[in-house]
Amino acid sequence: MSKVFVITGPSGVGKGTLISKLLERVPDLELSVSATTRQPREGEVNGRDYHFLTAEEFDERIEQGDFLEFATYSGNLYGTMRTEVERRLSEGHSVVLEIEVQGARQVRAAMRESVQVFIAPPAPGVLRQRLNARGTDAPHAIDARLEVAAQELAAQDEFAYRVVNDDLAQAADELERIVRVELGLPLDSPQ
Ligand code: ADP
Ligand code: 5GP
């Protein structure tokens, strides 16, 4: 059976890193490509990393009811287009959404059967270190992300699963295990 997996957690916690490992390890799992009004970072490709839209284009899609969920995060709009999820499910794939907490709540309300995972840091201070080390955001943008992170961390108990990303290998194993159990797949990875 195909399922929708919502992976959330504060910026810099390691969602993207853990999801890329998950996609390598679990067959038939696909990542939904979100839409955003944020500017592309160096190396990001339109249609692969995000569908980069203008604010006008995004608003038009909101009006057309194209989004399964959308939210404003740190001054930009982000959203999951229904077609991204529906096409993959109809092809028999399970779908991973990497989204922030407000969007995760909307998906929970719309799809009660979605599997919701919160990725938590071992300590709040780790987020700044990781965002600095990633080097993709200006200092003021990092400060803004950390402000949002405090609210996101306060919401973690809402989630059915919580994975602490301290040791990366261990967290990746834990996330893989959750997904395999939910999909009824064998726990021994083929690798
Ligand atoms: P997110 O997608 O949640 O914003 P990323 O996956 O981009 O976070 O990770 C943020 C930074 O932290 C990246 O530079 C990544 O390599 C690093 N990172 C991820 N997991 C760990 C970990 N367990 N220990 C140390 N650094 C990590
Ligand atoms: P970033 O700018 O770092 O790519 O993403 C910022 C935040 O927006 C992250 O928490 C990320 O998970 C979230 N995000 C990405 N795509 C979506 C989406 O489609 N919907 C929602 N609600 N959040 C998203």
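Annotations for the structure displayed:
- Hydrophobic long helices, here whole DSSP H runs in the chain with Kyte-Doolittle means of at least 1.0 and Cα atoms spread over 27 Å or more along the helix axis, are not found.
- Accessible carbon and sulfur surface of segment 6-86 relative to its total accessible area, %, 1.4 Å: 45
- Carbon/sulfur fraction of accessible area - segment 108-186, other protein chains in place, 1.4 Å, %: 51
- Distance between the 7 Å Cα→Cβ label points at SER20 and ALA110: 2.7 nm.
- Within-12-Å neighbourhood charge of LEU53 [Cβ basis; K, R +1; D, E -1]: -3
- Relative to the current alpha-carbon distance between ASP28 and THR136, full extension at 0.36 nm per residue lengthens the span by 35.9 nm.
- If the chain linking SER74 and GLU57 were pulled fully straight, counting 0.36 nm for each residue of separation and taking away their Cα-Cα distance, it would gain 4.2 nm.
- Probe 1.4 Å, accessible area per residue of segment 1-123, Å²: 47
- Where a label projected 7 Å from the Cα of ALA154 along Cα→Cβ would reach, residues of segment 112-147 with amide N under 14 Å: 147
- Relative contact order (%) - criterion: Cα under 8 Å, at least six apart; region: the chain: 34
- Packing around the peptides 127-136, 12-21, taken as the average count of other Cβ atoms within 10 Å per residue, puts them in this order, highest first: 12-21, 127-136.
- Whole-Å distance, taken between Cα centres, linking segment 127-191 and segment 61-119: 17
- GNM result for the chain, Cα springs below 10 Å: residue of LEU175, LEU23, LEU97 fluctuating most strongly: LEU23
The values are calculated or read from the model by the stated rules, or taken from the named source; none is laboratory data. All values derive from a computational prediction rather than experimental measurement. Because the Cβ atoms are built from the backbone with ideal geometry, glycine has one as well, and the counts that use them run over all protein chains shown. The accessibility values were calculated without ligands, DNA or RNA, using every heavy atom of the protein model including side chains. Shrake-Rupley method; radii C 1.70, N 1.55, O 1.52, S 1.80 Å.
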